Amino acid sequence: MGDARLAVLEAVLERITYANEDNGYTVARVDTGRGAGDLLTVVGALLGAQPGESLRMEGHWGSHPQYGKQFTVENYTTVLPATIQGIRRYLGSGLIKGIGPKIADRIVEHFGTDTLEVIEGAPKRLIEVPGLGPKRTKMIAVAWEEQKAIKEVMVFLQGVGVSTSIAVRIYKNYGDASISVVKNQPYRLAADVWGIGFLTADRIAQAVGIPHDSPERVKAGLQYALSQATDSGNCFLPEEQLLSDSVKLLQVDAGLVIDCLAELVGEEGVVRESVPDPEGGDPVRAVYLVPFHRAEISLAGQLLRLLRGPEDRLPLFQDVQWDKALTWLAGRTGADLAPEQQQAVRLALTEKVAVLTGGPGCGKSFTVRSVVTLAQAKKAKVVLAAPTGRAAKRLSELTGMEASTVHRLLELKPGGDAAYDKDRPLDADLVVVDEASMLDLLLANKLAKAVPPGAHLLFVGDVDQLPSVGAGEVLRDLLAPGSPVPAVRLTQIFRQAQQSGVVTNAHRINSGVPPITQGLPDFFLFPEEDTEEAGRLTVEVAARRIPAKFGLDPRRDIQVLAPMHRGPAGAGALNGLLQQAITPARPDLPERRFGGRTFRVGDKVTQIRNNYEKGENGVFNGTVGVVTALDTVEQKLTVLTDEDEEIPYDFDELDELSHAYAVTIHRSQGSEYPAVVIPVTTGAWMMLQRNLLYTAVTRAKRLVVLVGSRKAIAQAVRTVSAGRRFTALDHRLSQGAK
């Protein structure tokens, strides 16, 4: 029972005005039933409560200078409403899938105050209600049962301090076994449930009484430290760093951590291996999570096998008369290739693995088109792919040929296995992968495995951009000194590209020189020293000024790219402001709150995790789309993605979506937009690096607007990113080549 000193308030939740997903802090308006339409403000941990529910809240009365009398909630339970009006509100609130306000009215009209007992005890009787068929009555009964089971798990989980959105996910994962898993194996949650890290699992473990120094906790902590490292791009961690990170994280004795690491190695949870120090010092003891170790060895082995294999599926190019071939090509494409481009074309068609790299305006695209044109002239089977939907679309426009994402090409299945691999390779003579700087280790490995012996594999990308979001630096490792993979770097900027301020400034930034921000028709700076003002100005520029001056659509053509997520000029805050400006609330526009966000029809959104279960071949982190429909009765929202696929989301899956009016520069890789607006403020000081600003500027096809401080821009241009990621692919390739 609650604390005797707590006051009790019973009321119906009318609406949630603010909710913080991370800590569950909620501000809501409730109806105490006193009539006169007076609503009262309540604040506190109300995550999971839905509008329309009757709540019994325990807490304290207080007052707020602006909002007057308010109630601070310590804990709450849902009470089933007793009055007809209450039942109608409760059912019509969209709480139970399949019941909207109209059907709620019909059901309540038929059963009156017995409604909830009927749904609970004799749901088959719902068929008596006019217009309710057997299909819908069954759906309502199932949704009610699930709702009840979730509530039970919720109550238990709230007792151990888990927010409701995570409780729903735990329930979806384990169903009726949820409580038992949480009690007995809480560290499993960190591995099995998306959105639960070690820290949440650790908090739960503490609440259910697992000792601070239990080996299970330490092993889970070690694996968490490694998975954090892979999230920030590393394929392994040096053992010393892993131990010190884990001691700091777990607050336990170093000896215990060393023993548990040895146990993990024995259980094959992790792999320990000696690799050379990139700085040239003593060898490093690298500790890998198993999938990353396997993928690194497999990718290196696969590339070396392709390079050295005796077969060649493009044999005709071994003794082509190149001057004739290039003359024929110029006749087809209407332009001559520069010497470096000629070298790249020959390389791609005569070597079985090759890399083509270079900055904007240096003719990478034209070179790729030339390679494809020549290969097709010899009746070769050419397959084109890129890591993102947008990049694939662009590749397709460029070559006039079908191009797909790597995920679709390999037909990745739930769980991440591919339909095409070593045993069932792609039917291709030449595979071209564009935007290869975005390929992470795991995806590059899946791709390499699917390339048949004798086929040619060409990686195309700009190695000076940010490395992939996932672990590894595949493109950079392929180009490392001592790599056996032949490569061409295009450096000559073509004449028409020299007239573009975007291209000129990208190269200036890349060579450490500040961009020119005056006198150019396509590159502007709006100076603003104050970070908060810069945020507001960014919104003004993206939502109003650019559309007015250049006639561009703020949703489709303009992208705000922020160096970081947090802060007043970060992607998070800007999304809220841009949504207000571009897709404001309207009485006739359906919307759905989820956590701290509101989704509306017309919203620009992005998927923030890989989900292999969605769509035809999964929907992947970074996929962008627009919300086209929102059904509050069926509790579904539909997104039309960049790849022209309609993807339905249940309301309880909305934590997989984030608004995309503004995205971080990291998330924009591989995408191109007609115009980009980049807030560069001293508030993002820690993030400001040359490859970050370079990547942002190179996303623009026609127009770049920087908003912020000259000092911050100078800092970004000056700062070369610190150190390489921990990967040993370059070492494995050069060793294998000896």
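Please go through segment 665-696 and give me each residue that is assigned to a strand (DSSP E or B) and surrounded by fewer than 19 Cβ atoms within 10 Å (Cβ to Cβ), ordered by number. Steps first, answer last, please.
Pass one, segment 665-696, residues assigned to a strand (DSSP E or B): 673-680.
Once the filter is applied, which keeps residues that are assigned to a strand (DSSP E or B) and surrounded by fewer than 19 Cβ atoms within 10 Å (Cβ to Cβ), segment 665-696 yields only 674.
Going residue by residue through segment 176-186, is there one that turns out to be assigned to a helix (DSSP H, G or I) and closer than 18 Å to residue 254 by Cβ?
Quick first cut of segment 176-186, residues assigned to a helix (DSSP H, G or I) only: 176-184.
Right, trim to closer than 18 Å to residue 254 by Cβ and you get none.
No, every residue in segment 176-186 fails to be assigned to a helix (DSSP H, G or I) and closer than 18 Å to residue 254 by Cβ.
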Check your understanding: Is it the case that some residue within segment 121-135 is assigned to a helix (DSSP H, G or I), under 40 Å from the mean Cα position of the chain (by Cα), surrounded by 13 or more Cβ atoms within 10 Å (Cβ to Cβ) and of a type outside the set (S, T, N, Q)?
Key -> no
Review point. If you check residue 321 against the conditions, is it more than 29 Å from residue 480 (Cα to Cα) and polar (S, T, N, Q)?
Key: yes
Check your understanding: Is at least one residue of segment 229-248 open to solvent by 20 Å² or more (accessible area, probe 1.4 Å), modelled with pLDDT under 95 and within 18 Å of residue 290 (Cβ to Cβ)?
Key -> yes
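Among the candidates 458, 466, 447, which residue alone is open to solvent by less than 30 Å² (accessible area, probe 1.4 Å), part of a loop (DSSP other than H, G, I, E, B) and on the phi < 0 side of the Ramachandran plot?
Numbers: 458 fails: part of a loop (DSSP other than H, G, I, E, B); 447 fails: part of a loop (DSSP other than H, G, I, E, B).
None of the other options fit; the residue is 466.
Yes or no: residue 355 open to solvent by less than 70 Å² (accessible area, probe 1.4 Å), within 23 Å of residue 450 (Cα to Cα), part of a helix (DSSP H, G or I) and touching a residue at least 40 places away in the same chain (Cβ under 8 Å)?
Numbers: open to solvent by less than 70 Å² (accessible area, probe 1.4 Å): yes; within 23 Å of residue 450 (Cα to Cα): yes; part of a helix (DSSP H, G or I): no; touching a residue at least 40 places away in the same chain (Cβ under 8 Å): yes.
So residue 355 fails the test.
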Point to revise | Number of positions in segment 409-440 that are without any contact (Cβ under 8 Å) to a residue 24 or more places away in the chain and acidic (Asp, Glu) | key: 2
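Conditions tested, residue by residue: (1) touching a residue at least 24 places away in the same chain (Cβ under 8 Å); (2) closer than 12 Å to residue 569 by Cβ; (3) not β-branched (Val, Ile, Thr).
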residue	(1), (2), (3)
663	yes, no, no
667	yes, no, yes
671	yes, no, yes
676	yes, no, no
683	yes, yes, yes
692	yes, no, yes
Practice item. Say whether the condition of being surrounded by fewer than 20 Cβ atoms within 10 Å (Cβ to Cβ), within 29 Å of the chain's Cα centre (by Cα) and of a type in the set (Gly, Ala, Ser) is met by at least one residue in segment 381-396. Key: yes
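Conditions (1) in a loop (DSSP other than H, G, I, E, B); (2) closer than 21 Å to residue 400 by Cα; (3) open to solvent by less than 20 Å² (accessible area, probe 1.4 Å), marked per residue:
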residue	(1), (2), (3)
312	yes, no, no
316	no, no, no
326	no, yes, no
329	no, yes, yes
332	no, yes, no
336	yes, yes, no
341	no, yes, yes
344	no, yes, yes
347	no, no, no
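Scan 155, 168 and give me the residue that is under 40 Å from the mean Cα position of the chain (by Cα), touching a residue at least 60 places away in the same chain (Cβ under 8 Å) and open to solvent by 80 Å² or more (accessible area, probe 1.4 Å).
155
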Revision key, fill the gap. Among the residues of segment 581-636, the number that are over 25 Å from residue 666 (Cα atoms), out of contact with any Asp or Glu (no Cβ under 7 Å at 6 or more places or on another chain) and not in a strand (DSSP E or B) is 10
Revision key, fill the gap. Matching residues in segment 479-536 (open to solvent by 70 Å² or more (accessible area, probe 1.4 Å) and on the phi > 0 side of the Ramachandran plot) number 1
Point to revise | Single residue of segment 539-552 satisfying the filter (closer than 10 Å to residue 675 by Cα and either among the charged types (D, E, K, R) or open to solvent by less than 20 Å² (accessible area, probe 1.4 Å) (or both)) that is nearest to the chain's Cα centre (by Cα) | key: 542
Review point. Does at least one position in segment 625-643 carry a residue that is among the β-branched types (Val, Ile, Thr) and touching a Phe, Trp or Tyr at 6+ places or on another chain (Cβ under 7 Å)?
Key: yes
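In segment 648-659, is there at least one residue being among the hydrophobic types (A, V, I, L, M, F, W, C) and modelled with pLDDT of 95 or more?
No: segment 648-659 contains no residue that is among the hydrophobic types (A, V, I, L, M, F, W, C) and modelled with pLDDT of 95 or more.
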Practice item. Could you look through segment 589-624, keep only residues that are more than 30 Å from residue 46 (Cα to Cα), small (Gly, Ala, Ser) and touching a residue at least 40 places away in the same chain (Cβ under 8 Å), and pick out the one that is least open to solvent (accessible area, probe 1.4 Å)? Key: 618
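List the helices (runs of 4 or more DSSP H) inside segment 481-563, counting only whole elements, that have at least 1 residues being at pLDDT 95 or above.
Values: elements: 495-498, 501-510, 531-540, 546-550.
Where helices (runs of 4 or more DSSP H) fall fully within segment 481-563 and carry at least 1 residues being at pLDDT 95 or above, they are 501-510, 531-540, 546-550.
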Point to revise | Exclusive hit being modelled with pLDDT under 80 and among the hydrophobic types (A, V, I, L, M, F, W, C), set 40, 95, 55 | key: 95
Point to revise | Within segment 58-76, considering residues that are within 13 Å of residue 29 (Cα to Cα) and of a type outside the set (Val, Ile, Thr), the one least open to solvent (accessible area, probe 1.4 Å) | key: 71
Check your understanding: Does segment 136-164 hold any residues that are in a helix (DSSP H, G or I) and closer than 20 Å to residue 74 by Cβ, and which are they?
Key -> 151, 154, 155, 156, 157, 158, 159, 164
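The values are calculated or read from the model by the stated rules, or taken from the named source; none is laboratory data. The structure presented is a predicted model; accordingly, all values stated were derived computationally and were not measured. Because the Cβ atoms are built from the backbone with ideal geometry, glycine has one as well, and the counts that use them run over all protein chains shown. Ligands, DNA and RNA are stripped out before the accessible areas are found, and what is left, the full protein with its side chains, is counted by its heavy atoms. Shrake-Rupley method; radii C 1.70, N 1.55, O 1.52, S 1.80 Å.
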